[in-house]
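Below: one structure, written as structure tokens.
Any read-out appearing in this document is the output of simple, stated calculations on the displayed coordinates, not a laboratory observation. Only a predicted model underlies this, so the values are computations on that prediction, with no experimental measurement involved. Here Cβ is always computed from backbone atoms with ideal geometry, including for glycine, and neighbour counts include all displayed protein chains.
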Amino acid sequence: MKIVTRLEAAASGLNKFYTGKPCKHGHMSERWVLNGACVQCNVERVAKQRRDLIKTMKAAQEVAYG
């Protein structure tokens, strides 16, 4: 993957850039221009939130419907 700085990506109208350095969790992934966050960290965070929500909803259904 080609190394592109955040400024270069923003100037080119891209929404992601690549530093070639791992994030604090060790992912060698692109980052968002908007906030500099790792794309892979975001994917994992959203998946965890989805799993947690499903678990919460199932527990609520058990309480409500037995």
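Numbers below:
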quantity	calculated
Anchor Lys21: aspartates and glutamates whose Cα lies under 15 Å away (excluding residues fewer than 8 positions away in-chain)	Glu30
Sum of -39500 (n - 2.57) over DSSP H runs of 4+, divided by residues of the chain (222 nm, nearest 500)	-16500 deg cm²/dmol
Eligible lysines near Lys24 by straight Cα distance, threshold 25 Å, same-chain separation 8 or greater	Lys2, Lys16, Lys48
At most 12 other Cβ within 10 Å, DSSP loop - trypsin sites (Lys or Arg not before Pro), the chain	Lys2, Lys24
Label-point separation, Ala10 to Gln40 (7 Å along Cα→Cβ), nm	2.5
Helix 39-65 vs. the chain, principal-axis angle (Cα, 0 to 90°, nearest 10)	10
Listed values [x] 5.9; [y] 4.8; [z] 4.4, entry calculated as mean projected area of the Cα convex hull in nm²	[x]
